[in-house]
Amino acid sequence: MVLLATWLANIQSQFILCFIQDDRWKRYILKGLGNTIKMAVFAVIIGIIIGIIVAIVRSTHDKTADTAHKGFGRAILNIVNGICHVYLTIVRGTPVIVQIMIYYYLIFASSNNGVLVGIIAFGINSGAYVAEIFRAGIMSIDQGQFEAGRSLGFNYVQTMRHIIVPQAFKNVLPALGNEFIVLLKETSVAGYVAVMDLTKGAYIIVGRTYTAFMPLIGAALIYLVIVMFLEWLFHKLERRLRNDER
Amino acid sequence: MKKIAKLLSLALALCLCLALFAGCGSAPAGEGDAAPPDDAAVTDTAADAEGEGDAAPTEPGGTLIMATNAEFPPYEFYENGEVVGIDAEIAAAIAEKLGMTLEISDMDFSAIIAAVQSGKADMGMAGMTVTEDRLQSVDFSTSYATGIQSIIVPEGSPITSVDDLFAEGANYTVGVQQDTTGDIYATGDIADAGLGTVERYNKGADAVQALKTGKVDCVIIDNQPAKAYVAANEGLTILDTAYAEEDYAICFAKENTELSAAVDAALQELIADGTVQSILDKYIVAD
Amino acid sequence: MTNGEVLIRVEGLEKHFKGGAIKALNGVDAEVHKGEVVVVIGPSGSGKSTFLRCLNLLEVPTGGHIFFEGTDITNPKININIHRQKMGMVFQHFNLFPHMTVLGNMTIAPIKLLKQSKADAEAKAMKLLERVNLADRAQAYPNQLSGGQKQRIAIVRALCMEPDVMLFDEPTSALDPEMVGEVLEVMKQLAATGMTMVVVTHEMGFAREVGDRVLFMDGGLLVEQGGPEEIFGSPKSERLQAFLSKML
C-alpha cells in the first residue's frame, strides 16, 4: 500500500513537472498538437486534389491508349502523363524527410514558415500515394459504367466526376483512411525543419525535464485518440456509403 | 461508440503499465533504501543485455555503459569508427579507476535520458547541463567541464553583441539546437520575453544551414562546435562575447545511488589529480 | 411505321482492333429510317455488337462514315456528346449507376446535360417509371432490383433524355429466362410509340414479331437484310440458312 502510494505520488510529481509546471502542456503539447493538426489537415486536402488529378490523368492515358485519335490532344496527354509518372517515381522513391529538407533549405529557402513548408511537402508527398490509390479505384470500376455515362452524352470529365469518381471514392475509402492515418503520424518529421509538432513538443519537454517517458506517452496517447477518432469517422462514412446499396 | 470506449480504456491501461515501468525506473532517491529489489532489477536488465550475469553495479570486472550522442565535438565524435572525445576519455578513466570495462552506446540525444532511466545505460554523458527541472528527474555528478554558448552570425550582421538580441524592439529570429542550453536560455530570455522568435532544429548543422539561407538571424550554440561550423562555412563569424556559460556533468537514474556515488568519487579524484584538466587541454586548444 | 426519312446512314464502316490483326467490321453499309425497328442478328463474333457500338462511337471506327441526322459523326471535329444525347443506349449488363437511386440514375443526365430542374426531371422520370410499372422502386438502389427490373430501368433511363433513336445491345442476354419477357414487353410497347430502335438480339421471336427490318451479319459483313418474313421465311444466303437452322 505504501509502495502504491509512493508510486502514485511519484507519477503525480512527474506529471506536474512535465505538463503543469511552466505551462508546458500549453507551450509544447497544445501548440505542437495545433501544428500537427494544421499540417495534417491541409496536407490531406492538397494530397486529395493532387491525387485525383494525377489519378485521372494516368487512368485516362491508360484507358484510352489504343482508342484515341492520334493528334494534338493525345500528344499533350502523353506529356502530362509523363510528368505525372516522374512525380510519382521521385516522391515515392525518396524518404519524406529528405523531401522536406529539400523544400525547406532549397526550394523555399526564403520562407521562414516551417508549418507552410510542411503542409506543402506532406501534401505533395501524400498526393503521390493518394494518386495511386485513386487510380486503382478508377481502374476497378467496370468499363460499362464509363460507357453508360458516355452513352447518355456526358463528356469524359463529366463521366469521371458524376459516375466514376464517386464510386471509386467509395471503393478506396479504407485505403484512403489508412493513408490519412499514416500522414498524420508522418508529420512528426517536420521537427527537422524547426516546426514544433506534437512529437517535437514532447521531446522538448524530455530535454527540459530529463523525464523520458511521461511526455512521450502523453504524445502517443494524443496520437492514438486522434487516430481512433479518424478510424471511427471512416468506418461511419463507409457504412453510410455502403448502406446506400443494400 | 461502445467499442471506442472499450478500446480507449484498453489503451489507457496499457499506458498506465508503461508509466508504472517508467515510475519504477525513477523512484525517488530518498526511497532508495526501501526499494532495493527495484535497483537490482534495473541493473540486472542492463547487465543481462550485455551477458555479464549478476555482477553488481560497481563491482570490478563489470561493464560501465555510457550513453552519449556522438555529434558534439570535441566532447564526443567519431574518429576511425570509434567514439572519442573529452567525455569518452574521462569516462574511460573513471571506468579504469572502478576496475570496470567501459562501453559507449551512441544514440539520439533525446534517447539518452530514456536509456539511463530504464537502466539500459548506467550513465549519460553528452555535454549535459545541470538545471533545476532536470534535477527533479535525474541525478548529476560533479561538474567536470565548462561550456560556453556562443553566437554565430553572418559577417556584417546588425547583431554585434549579445545585448543587441535583448535591445528594445530587436525581434530577431534565433536558431538553436533543440534541448541544448542555448535552446533553454533563448526560450526564456528571448521568446518568452517577447523579444524575438526561437527556431529549434534537431541538429546544430541544420541550424547553421538555416542561418546560411537567411531563415534565422543568428545561431546560439556551444563554442566548440561553433568554431567547427564557422571554419567550414565561409561568411560566418562568432561574436566575441559569449551568450552564457554552463557546467557539464554526468547524469544518472535517481535510484542508482550506489553507482552514481562511486562514479562521482572517481570523477572527483580525477579532477583533483589533474587528469580531467589534461584531457580537456588535449582537445581544447586555447585561442 | 417507316416514313422513309433516313435517321442513320452507315457507309463502308470498318473497325479493326490491334492494328488490323482483328477485323471486327469489314465495310458495312446500312440505313436506319425514322420510326423503324431494325433488328440485327448473327452468330457471336459476327461483329453485330461492334456495329451497334460504332453507331454512337463507343467504338471509334477505323474506317467509313456514320451520318446521324445528316451529320457525319465520325468526323473528329464534331462534338459527339451532343449527338449521343439523342441516341439512347441499353447494355447487356444494364450498367446502372450503383451509387444512385433509380430516380437518381434517371435524372442525372437530364439535370446535368439538358439543364432541367430537379423537379421537372423527376416528374418526367416518374411518368416513365409508371409506364414500366416500377414507380414504387423510385427510391431503391440498383442492387435491390432483379435483373429484369434493372433492364427496364436502364431503358427508361435512356428515354429520359428523349432520344431520337434507341440502341439495344443484347438487352436480354444476361437475364434469367423468366425475366426476358418483361423486358421484351417494354421494348414492344416502346416500338408501338413509334420510337426508332436498333436491336442486337438473339431473340428470334422478338425479331420476327416486332422488327420492321432484320439485318443478318456474319464475319464483319452485312450478309443479308430484309423484312422478317423474308429473312426467316425464305433466307437466301447459305450462311443465314445455317444460322437459322441452329437457332430454331
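Observations, loosely collected:
- Qualifying residue in segment B:118-132 (condition: away from chain A (no Cβ under 14 Å) and over 13 Å from the mean Cα position of the chain (by Cα)): yes
- Of the residues making up segment A:16-27, those that are within 10 Å of chain B (Cβ to nearest Cβ), under 11 Å from A:Thr209 (Cβ atoms) and under 32 Å from the mean Cα position of the chain (by Cα) are A:Cys18, A:Arg24.
- Against the list (1) in contact (Cβ under 8 Å) with a residue 12 or more places away in the chain; (2) over 23 Å from B:Gln224 (Cβ atoms); (3) under 24 Å from the mean Cα position of the chain (by Cα), the condition B:Arg200 fails is (2).
- Considering residues of segment C:87-97 that are touching a strand residue (DSSP E or B) at 6+ places or on another chain (Cβ under 7 Å) and at the interface with chain A (Cβ under 8 Å from one of its Cβ atoms) only, the residue surrounded by the fewest Cβ atoms within 10 Å (Cβ to Cβ): C:Phe91
- Selected residue [among the acidic types (Asp, Glu) and touching a helix residue (DSSP H, G or I) at 6+ places or on another chain (Cβ under 7 Å)] from C:Glu203, C:Glu185, C:Glu229: C:Glu203
- Annotation note: of A:Gly144, A:Gly153, the sole residue that is under 24 Å from C:Glu170 (Cα atoms) and surrounded by 21 or more Cβ atoms within 10 Å (Cβ to Cβ) is A:Gly153.
- Residues of segment C:1-36 satisfying the condition of being basic (Lys, Arg) and under 19 Å from C:Thr74 (Cβ atoms): C:Arg9, C:Lys15, C:Lys23
- Residue in segment B:243-279 that is nearest to B:Met123 (Cα to Cα), counting only those that are surrounded by fewer than 17 Cβ atoms within 10 Å (Cβ to Cβ) and aliphatic (A, V, I, L, M): B:Ala261
- Residue ID - farthest from the chain's Cα centre (by Cα), chosen from residues in segment A:28-50 that are farther than 27 Å from B:Ala193 by Cα, surrounded by 17 or more Cβ atoms within 10 Å (Cβ to Cβ) and not small (Gly, Ala, Ser): A:Ile50
- B:Lys212 meets each of the listed conditions (1) under 30 Å from A:Asp23 (Cα atoms); (2) within 14 Å of another protein chain (Cβ to nearest Cβ); (3) among the charged types (D, E, K, R) apart from (1).
- Criterion violated by C:Met187 - all others in (1) part of a helix (DSSP H, G or I); (2) over 19 Å from C:Arg53 (Cβ atoms) satisfied: (2)
- The numbered conditions (1) out of contact with any helix residue (DSSP H, G or I) (no Cβ under 6 Å at 6 or more places or on another chain); (2) surrounded by 17 or more Cβ atoms within 10 Å (Cβ to Cβ); (3) acidic (Asp, Glu) are all true for C:Glu224 except (1).
- Subset of segment C:66-114 [of a type in the set (A, V, I, L, M, F, W, C) and either in contact (Cβ under 8 Å) with a residue 60 or more places away in the chain or within 20 Å of C:Glu14 (Cα to Cα) (or both)]: C:Ile66, C:Phe67, C:Phe68, C:Ile73, C:Ile78, C:Ile80, C:Met87, C:Met89, C:Val90, C:Phe91, C:Phe94, C:Leu96
- Note on segment C:114-126: residues that are within 22 Å of the chain's Cα centre (by Cα) and surrounded by fewer than 21 Cβ atoms within 10 Å (Cβ to Cβ) total 2.
- Of note, C:Gln139 does not satisfy the criterion of being among the polar types (S, T, N, Q), more than 17 Å from the chain's Cα centre (by Cα) and under 24 Å from C:Glu5 (Cβ atoms).
- Residue within segment A:117-134 that is within 19 Å of the chain's Cα centre (by Cα) and within 11 Å of another protein chain (Cβ to nearest Cβ) present: yes
- For segment B:236-263, a residue qualifies if it is modelled with pLDDT under 90 and β-branched (Val, Ile, Thr), and exactly one does: B:Thr241.
- Members of segment C:59-79 that are surrounded by fewer than 20 Cβ atoms within 10 Å (Cβ to Cβ) and aliphatic (A, V, I, L, M): C:Val60, C:Ile78
- Of all residues making up segment B:184-209, the number that are in a helix (DSSP H, G or I) and farther than 14 Å from B:Tyr172 by Cα: 9
- When B:Asn171 is tested against (1) under 28 Å from A:Lys26 (Cα atoms); (2) surrounded by 18 or more Cβ atoms within 10 Å (Cβ to Cβ); (3) touching a residue at least 12 places away in the same chain (Cβ under 8 Å), only condition (2) is not met.
The values are calculated or read from the model by the stated rules, or taken from the named source; none is laboratory data. All figures in this text were calculated on a predicted structure; none of them were measured in a lab. Ideal geometry is used to build each Cβ from the backbone, glycine not excepted, and the neighbour counts take in all protein chains shown.
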